[in-house]
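Worksheet: one structure, shown below.
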Amino acid sequence: MSVLPKFVQNSAGSCWLTENERENLMIRYRIREVIHEEQSAFQHVMILDSYDFGRMLVLDGVVQTTSMDGFIYNEMIAHVPLAFHPQPRRVLVIGGGDCGAAREVCKYPEVEQVDLVEIDECVVQVCKQHLPEVSGGLSDPRVRFLYRDGVEFVREMKDTYDVIIVDSSDPIGPAEQLFSYSFYEHVQQALKADGLMVCQSQSPIFHADVMGQTYRNISQLFPITRMYTAVVPTYPGGLWSFTLGSKTYDQPVAGRVSGKDTRYVDEGIIHQCFHLPVFIKQTLGEG
Ligand code: SAM
């Protein structure tokens, strides 16, 4: 590592990625090797090999997913909504360039088409090449890779998808609009009459404002709105929230996740994840 990339510094003979999460919080990861670094048209993209979390995808200095804990997030954002829909045939993933969510969706034989709408082709290519633990080198013929802005894409879609998964990065830069009310309005219209959606709604501890606003936005658009959580160690605070909006289905279908070769999700998790701690219910005005 003769020339260190942006966001990686030398300190006492070792290399560290310093994630500036907030004004008063920095998270540091010791780095074994810089596998890939480039500035794409949209963001700074790195694959790093870290000591504790294995390989990690880092966008604009922020850890997105790792070979150690990526399966928790990706299974939770994919299997929970798919468990609610009795017959998901067409699925849209917005963002999700690490391919982990789409890879989980492909475990359902009844899914005929997965559209992965990612703004930055570079993320998909580097994850396929350098992060196989997350991407699985995704090459399922049912997946259509569309390199476009997800905000524009959903505006053009009406009554098309059974399930929409919004797997976005944090609400800054190109992902900012993926947290807006008007975006969710278009997501609602892009779903079929019995469709449902899920999005990652940030940390209940550090981003309670974004989480609460996302829940309120989705509640205004969908008759059934449910929040669930999981612990993802590399996300600030660990505890992470997801918000599901459904037009019709309000319960997971029994047995949907069995035999899906998962490492985190099972039938028990699908039910328990909706049981929210008191402070989250209070943030949502339901405590
Ligand atoms: N699991 C991760 C997390 O919570 O941090 C995020 C997964 S994924 C890497 C997020 C992806 O969203 C990125 O690859 C980014 O390029 C993509 N993205 C951001 N804004 C987008 C937009 N407007 N349209 C489509 N994709 C977008």
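How about segment 124-167: which of its residues are hydroxyl-bearing (Ser, Thr, Tyr) and under 16 Å from the mean Cα position of the chain (by Cα)?
Ser135
Can you tell me which residues in segment 114-134 are touching an Asp or Glu at 6+ places or on another chain (Cβ under 6 Å) and farther than 16 Å from Gln43 by Cβ?
Selection gives Val134 alone.
For segment 198-215, how many residues meet the condition of being within 12 Å of the ligand (Cβ to nearest atom) and either polar (S, T, N, Q) or under 18 Å from His275 (Cβ atoms) (or both)?
Count: 4.
From the list Ile47, Ile35, which one is away from the ligand (no atom under 14 Å from the Cβ), among the aliphatic types (A, V, I, L, M) and farther than 17 Å from Ile165 by Cβ?
Residue meeting the stated conditions: Ile35.
Conditions: (1) assigned to a helix (DSSP H, G or I); (2) under 25 Å from Arg263 (Cβ atoms); (3) within 9 Å of the ligand (Cβ to nearest atom); (4) of a type in the set (Gly, Ala, Ser). Ala175 meets all but one. Number of the miss?
(2)
Can you name every residue in segment 60-94 that is among the small types (Gly, Ala, Ser), in contact with a helix residue (DSSP H, G or I) (Cβ under 7 Å, 6 or more places away or on another chain) and more than 24 Å from Lys192 (Cβ to Cβ)?
Within segment 60-94, Ser67, Gly70 qualify.
Within 11 Å of the ligand (Cβ to nearest atom) and at positive phi - does that describe any residue in segment 56-73?
yes
Looking at Leu221, is it more than 24 Å from Ala41 (Cβ to Cβ), out of contact with any Gly (no Cβ under 7 Å at 6 or more places or on another chain) and among the aliphatic types (A, V, I, L, M)?
Considered against the rule, which asks whether it is more than 24 Å from Ala41 (Cβ to Cβ), out of contact with any Gly (no Cβ under 7 Å at 6 or more places or on another chain) and among the aliphatic types (A, V, I, L, M), Leu221 comes out as no.
Being over 18 Å from Pro236 (Cβ atoms) and not in a strand (DSSP E or B) is the filter here; which residues of segment 1-20 pass it?
Met1, Ser2, Val3, Leu4, Pro5, Lys6, Ala12, Gly13 - these are the residues of segment 1-20 that are over 18 Å from Pro236 (Cβ atoms) and not in a strand (DSSP E or B).
Taking Ala175 as meeting all but one of (1) of a type outside the set (Phe, Trp, Tyr); (2) closer than 20 Å to Leu82 by Cβ; (3) touching a residue at least 40 places away in the same chain (Cβ under 8 Å), write down the number of the exception.
Looking at each condition in turn, Ala175 falls short on (2).
Using beta carbons and a limit of 7 Å, which pairs, at least six apart or on different chains, have the first residue in segment 50-64 and under 15 Å from Glu133 (Cα atoms) and polar (S, T, N, Q) and the second one near the ligand (Cβ under 10 Å from one of its atoms) and modelled with pLDDT under 95?
Matching pairs, first to second residue: Gln64/Ser169.
So which pairs qualify, if the first residue must be in segment 134-156 and under 16 Å from Asp98 (Cα atoms) and aliphatic (A, V, I, L, M), the second must be within 12 Å of the ligand (Cβ to nearest atom) and assigned to a helix (DSSP H, G or I), the Cβ gap must be under 8 Å, and the two must be at least 6 apart or on different chains?
Qualifying pairs under 8 Å: Val134/Gly70; Val134/Phe71; Val134/Asn74; Val134/Gly100; Val134/Cys127; Leu138/Ala102; Val143/Ala102; Leu146/Phe153.
Taking the criterion of being in contact with a Gly (Cβ under 6 Å, 6 or more places away or on another chain) and within 19 Å of Arg226 (Cα to Cα), would at least one residue in segment 154-166 satisfy it?
Yes, some residue in segment 154-166 is in contact with a Gly (Cβ under 6 Å, 6 or more places away or on another chain) and within 19 Å of Arg226 (Cα to Cα).
The values are calculated or read from the model by the stated rules, or taken from the named source; none is laboratory data. Everything numeric in this text was worked out from a predicted model, so none of it was measured. Cβ coordinates were reconstructed from backbone atoms using ideal geometry, including for glycine residues, and neighbour counts include every protein chain displayed.
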